[in-house]
Every structure is written in C-alpha cells, then in structure tokens.
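Input: a single structure, listed below in structure tokens.
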Amino acid sequence: MFAFIIRRLLLMIPTTFGVTLVVFAIYHGAPGDPATVMMGMGSGGQMSQNNDAESQADAFRREFGLDRSLVVQYLNYVGPFNLLRDGHSWFSSPYTEREVVDYELADGGVAKIGRPLEIAPLPGTSDEEAERLDAAVAEIVAAVGDPSASSEAAVATLREADERAYPPLFSALQQRFRTPGDGAAAEVARLVEVIEQLSGAEIEAPDEMVTELGRAEALTRVAFAWYYDEGGGARVRNTGENPWGGLLMGDLGKEMQTKLPVVTELGKRLVVTVPLSLAAVILSYLIALPLGIFSVRRQGTRTDTVTTIGLFVLYSVPTFWAGLMLILIFGATGLDWLPVLGLHDKDAATFGPLEYAWDTVLHAILPVATMTYGSLAYLSRQMRAGMLDVIRQDYIRTARAKGLAENVVIYKHALRNSMIPVITLLASILPILIGGSIIVEAVFDIQGMGKYAYEGLLRRDFYIVMATTTFVGIMTQFGILLSDITYSLVDPRIRHS
C-alpha cells in the first residue's frame, strides 16, 4: 500500500503540469483580452471611447508579460524563474512598446523611424553611475553653441560606460523631442554625433524626412530606430529584483486588477467555502445512506415508490430556484426566520464569541440546505442501487439461509460491499470543498471560492483562473487517491500493490 501511495503521489506531479497546460491553452484560446477588460472595456475585448485606452492596454500587457510569446508566459507561470522585466538577470525581456515603422519616401524607398521614449538605466547601473552619466550628457548639451566649452571629458565618461551610456543619451533625445525649442536641432545633432562615436554606426535622416519633419525630429526618430533595431534597445536583460517565482516556488501571482497576492485571497475564500461545503457533504451522507438502505428494505412497497419519486423531484429542482425560494420563504419577505445574505450580520464585529458563532450558524443554514438537497438525492439512489446489487448475491442468500437476522445481513454482510459506488463519489468531494458552488455563493452573496473563480473568469484575470482551476485539479487527484485507498478498507478483496 505504501509503495502504491508513493507512486500515485509522484504521478500527480506530471498530471498537475498537464492540467496547468490544458487550462493555459484554453484561457489563451478563449475570446477576449484581459487588458481591454481591465481598461474598462467589454469582456469580449471591445474598444472603449477613451483615446488613451490602447496605450493603457499596451502598458498593462507589458506589466504582466501578456506581450510575450505563449511559451515564455507558461514557463513564467510554472517557474521557478521569474521571466518578467524584474525577474532573474539570466534572462532578458523584449520592450514591445519600442516600435520601428517604415517611413515611405517619394522615390519608393523606405527609412526606419522609431518612437522616441524615455529609456530607463540598464540593469546593473548604480545610482551613482546613473547620476554621473546624466551629468555627462547634460554637460554635452550645455557645450552646444559655446565655442569655449569642451565636452571631450564627458564623452570619455560615456565611452567608459559602454552600453550603459545609451539610456541617458536617448532620454536626452526624447526630452528634446517632447519640448523642442531654440537650439534643439543643434543639440539633437550633437547627441546623435556622440551616439555615432560610441557605436561606430552612421545615423542619417533622408533630406525628404528632414524637410517634412524638421531636422531635430527626423534625426531623433532615425536614431531611436537604430537603437531599437541594432543598438540593443529592443531587448534588455531583466533587473534581477525578483528572480524567483511561479508555481514551483509557491507563487500564484497577483490579481491583475487589485495587485493583491492570489494565494492570500485564496486562503480567505477557503476559510468560507470549506466549512460550508464540508457541512453539506456530511449532511448529504448522513441522510442519503440510511435513506438508501431504508428504500432497499422496503423495495417494491408504496413507501419505496413515494421515496423514489420524491428524491427524483428533489434532484430535478434547479439550485438557483431552490435558493431563491428558500430566501422568499424564510427571509424577511416571508417568515423572517433566517438571514439570507452573507455569512455574518453587519454588526458581527461587535459580537462576543458565542454570539458570533451563533450568527454564523444562522447565516449558513440556507446555503448549506441549498447545497445539500441535490447531492443527498443522488447519493441515496447510488446507495440503493449498490445495496440492491449486493443483496442478490449468493453469499447474502447463504447468510439468510443460516438464519441470521435481517439487520445482521444488511449491516454486517451487505453494507460494506454496497458502499463501493458511494465511495467512488468521494473522488469529487475534495474538488467540491475547494471549488465551492458558484450559484449558491452568488444567490446568497457569499465570498467563497466559487464566486472568486467566476469573478476572475469575468475579468479574464489570468492568475485567478489558473490558480483556482489548478487547485481544484490537485484536489481531484487527492480525492481519487483517497477513494482508491478506501476501496481496500471496505472490500478486503481489493488490494493495491
């Protein structure tokens, strides 16, 4: 048995990764864009009327790595390395906002132009070095138009910094692009000249572009195109601030909207969902098993017929309708016996321990009843079917022929073997405990796992969807394992080697 359990536990590892891969593929194959949803657009990805919405959506995708390839996104979720821009310094990230487009010339040719952006210091650049490089660039700009000033020392400082000198140079170019003024063309030309000295590249703007855009803007755009295409600006090594992460490190990510840790939010929901679901499951079994045995002992009688019809009707009642009827009957609009929303009164924080516990029990009665009725109807039918199959077997007839009392035949000889179908359903108990009931939690306004997963799906929150579905997948595997172990305890003929 021990070897069997170890093998099954080891098998859970690749199975769990398979679950995450399937859920990941379904998530990315489904319609809708989480970035547009987070920006206040429709869940189908419709654009809003905000002129800045697209740029905000692009920034959102870059922040959460949604602009990366699907392979990189999956590896980043699995871990153990964080592959985002603040991740492990062994890896680099593309800067997808740094666009290079073609500028069409009159002769049919094209020139590359880039979007001017402020460039952050490269990873590994200390604050002191960044200040020194910024000062060197400022000295170069200040020397423009002053024949008596020399900027050779500043250029030497930049040359010593090698590629770390590019961010301050291009940030200065971007600043001239945003706030052009007197002397901007000369300053831009000088900055581009320094970039050429450091890189050995030739950065020239076609005359047609200079005529249309002006020399300052034309040179700036061509320089940025060179940096993004050839100067290493399109991809930069990660900062290394948060090198580790992902599922293998126990990191389930942060909610895309609130930025709260998903693992913390899961814990809050589990505290709500597990007690409710556990109470419902226990009640279902406590009622269903005796009811199934009762139906078998009175097989073919009017009582058995009425019980069977009643249970089928009960099983057919929709959960949302049953919950609403219970609210109307026992809530303020009916008998006003029980609270119908949430799990606590609005003043519960002021209650003492016993009063708080009693308030919780009162709030939980209707949700638990709604979660129980359908499952007990199904379980009782399974128990009845299993018992009917067993009592027709030869060893039961032998026990009766020996003159054993009917209670001994039923409860000692038949019950254990008839439990096999019911035990099979144990595999679904743990997922139920973890996954919760979306409908029940929505009807009674309970902040549980089911509602959390549903809201995450509506928001297209990648980390919530992945965490909840993966967690339920793991619990399903544990449920199947517990069922297999219980088989051998109930039926001695079943052995796991």
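Any read-out appearing in this document is the output of simple, stated calculations on the displayed coordinates, not a laboratory observation. Here the structure is a predicted model, which is why all the values come from computation and not from measurement. Backbone-built Cβ (ideal geometry, glycine too); neighbour counts: all protein chains shown.
So how do M371, M419 line up by other beta-carbon neighbours within 10 Å, fewest first?
Fewest to most other Cβ atoms nearby, the residues stand as M419, M371.
Along the charge dipole of the stretch 207-307, pointing to its positive end and built from +1/-1 on Cβ of Lys, Arg, Asp and Glu, which listed residue (N242, V271, M209) has its Cα farthest out?
V271
Once the mean 1/r over all distinct Cα pairs of the stretch 334-391 is inverted, what Kirkwood radius in angstroms do you read off? Each step should come with its number before you reach the end.
On the way: mean 1/r = 0.0714 Å⁻¹.
Roughly 14.0 Å, rounded to one decimal.
Which chymotrypsin sites (Phe, Trp or Tyr not before Pro) does the stretch 57-110 hold that lie in a coil by DSSP with at most 14 other beta carbons within 10 Å?
Details: sites: F60, F64, Y74, Y77, F81, W90, F91, Y95, Y103; in loops: F64, W90, F91, Y95.
Those satisfying the criteria are W90.
Output the relative contact order of the chain, whole-number percent, from Cα pairs under 8 angstrom with separation of 6+ residues. Write down the numbers at each step before the final one.
Values: 644 pairs, mean separation 88.8, N = 497.
Once divided by the residue count of the chain, the mean separation gives 18 percent.
Sticking with the crude label model, points 7 Å out along Cα→Cβ, report the distance from I26 to Q299 in nm, one decimal please.
3.9 nm
In the chain, which longest range has no GluC sites (Glu not before Pro) that are both DSSP loop (not H, G, I, E or B) and surrounded by at most 16 other Cβ atoms within 10 Å? Present the calculation step by step, with values, prior to reporting the outcome.
Details: sites that count: E97, E99, E118, E202, E204, E230, E241.
In the chain, the maximal stretch lacking such sites is 242-497.
Under 5 Å between amide hydrogens, which residues at least 5 positions from K112 or on another chain qualify, with H placed 1.01 Å from N in the peptide plane?
Y103
Rounding to the nearest 10 and keeping the result within 0 to 90°, find how far the Cα-based axis of helix 53-63 lies from the longest principal axis of the chain.
80 degrees
Using the number of other C-beta atoms within 10 angstrom as an exposure proxy, rank I410, I432 with the fewest first. Show your work: numbers first, answer last.
Details: I410 20, I432 24.
If I rank by nearby Cβ atoms, fewest first, I get I410, I432.
Mind listing the long-range amide H neighbours of V236? Cut-off is under 5 Å, sequence gap 5 or more, other chains count too, H placed in the peptide plane at 1.01 Å from N.
For V236, the qualifying residues are S93, Y95.
Which ³J(HN,Hα) values in Hz, rounded to whole numbers, follow from the phi angles of the stretch 96-107 under the Karplus curve 6.51 cos²θ - 1.76 cosθ + 1.60, where θ = phi - 60° and Gly and Pro get x?
So the Karplus estimates, Gly and Pro as x, are 6, 6, 8, 7, 10, 10, 8, 9, 7, 9, 4, 7 Hz.
With a point put 7 Å past each Cα toward its Cβ, work out how far S89 is from S69 in nm, to one decimal.
Roughly 2.5 nm, to one decimal.
Placing unit charges on C-beta atoms (Lys and Arg positive, Asp and Glu negative, everything else neutral), compute the dipole magnitude of the stretch 100-237 about its Cα centre in debye, rounded to 20.
Details: 12 positive and 27 negative charges, 67 e Å.
The calculation lands at about 320 debye.
State the label only: which of (i) 28.8; (ii) 24.8; (iii) 24.1 corresponds to Kirkwood radius over Cα pairs in Å computed from the shown model?
Answer by label: (i).
Per residue of the chain, what 222 nm ellipticity follows from adding -39500 (n - 2.57) for every DSSP H run with n ≥ 4, rounded to the nearest 500? Spell out each step's value before the answer.
Values: 21 runs with 301 residues, N = 497.
Rounded to the nearest 500, the figure is -19500 deg cm²/dmol.
Which aspartates and glutamates does K259 reach when only Cα atoms under 19 Å apart count, and residues fewer than 8 places away in its own chain are ignored?
Straight-distance partners of K259: D33, D58, E63, D67, D86, E241, D251, E455, D461.
Against the longest principal axis of the chain, how steep is helix 215-229, in degrees 0 to 90 to the nearest 10, with axes from Cα atoms?
Taking Cα atoms only, the helix is inclined about 50 degrees.
Give me Rg over Rh for the stretch 338-438, both radii from the alpha carbons and Rh done the Kirkwood way, two decimal places. Intermediate results must be reported in sequence, preceding the final value.
Details: Rg = 21.1 Å, Rh = 17.1 Å.
In the stretch 338-438, Rg relative to Rh is 1.23.
To make sure I understand the rule: partners must be lysines, Cα under 19 Å from the Cα of K254, and not fewer than 8 residues away in the same chain. Which ones qualify?
K268, K451
Working from Cα positions, state the angle (0 to 90°, nearest 10) between the long axis of helix 184-199 and the longest principal axis of the chain.
Orientation of helix 184-199: about 80 degrees from the principal axis.
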